[in-house]
Amino acid sequence: MATAKEEIRRMLDTLPDDASWEDVQYSIYVRERVERGRREADQGKLIDQDEIELRMKPWLDE
């Protein structure tokens, strides 16, 4: 597995040359959230569709 530093270098290579600091920060943020989600899924920390719909119902009914 690549180190975080190696992954960031690869990510930077995929961004356009005129990417802003905000673009770089957002890309890192999204990558971190995806990795966190994968870890949690591997640990069985999932919520099924029915539970999500139940939790969202109060907001969706407004």
Quiz item: Going by alpha carbons, how many degrees (0 to 90, nearest 10) lie between the helix axis of 4-14 and the longest principal axis of the chain?
Solution: 80
Exercise. May I ask you to give the percent of accessible area on the chain that is carbon plus sulfur, with a probe radius of 1.4 Å?
Key: 53
Exercise. With a 1.4 Å probe and every protein chain left in place, work out the accessible area per residue of the chain in Å², rounded to a whole number.
Key: 97
Practice problem: Please give the helix 49-60 orientation as an angle from the longest Cα principal axis of the chain, in degrees from 0 to 90, rounded to the nearest 10. | Solution: 80
Quiz item: Dividing the Cα convex hull volume of the stretch 1-59 by residue count, how many Å³ per residue is that?
Solution: 119
Quiz item: Taking Cα atoms, how many degrees apart are the long axis of helix 21-42 and the longest axis of the chain, rounded to 10 and kept between 0 and 90?
Solution: 50
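The values are calculated or read from the model by the stated rules, or taken from the named source; none is laboratory data. It should be emphasised that the depicted structure is a prediction, and the values quoted were computed from it without experimental measurement. Calculation scope for accessible area: heavy atoms of the full protein, side chains included, ligands and nucleic acids excluded. Shrake-Rupley method; radii C 1.70, N 1.55, O 1.52, S 1.80 Å.
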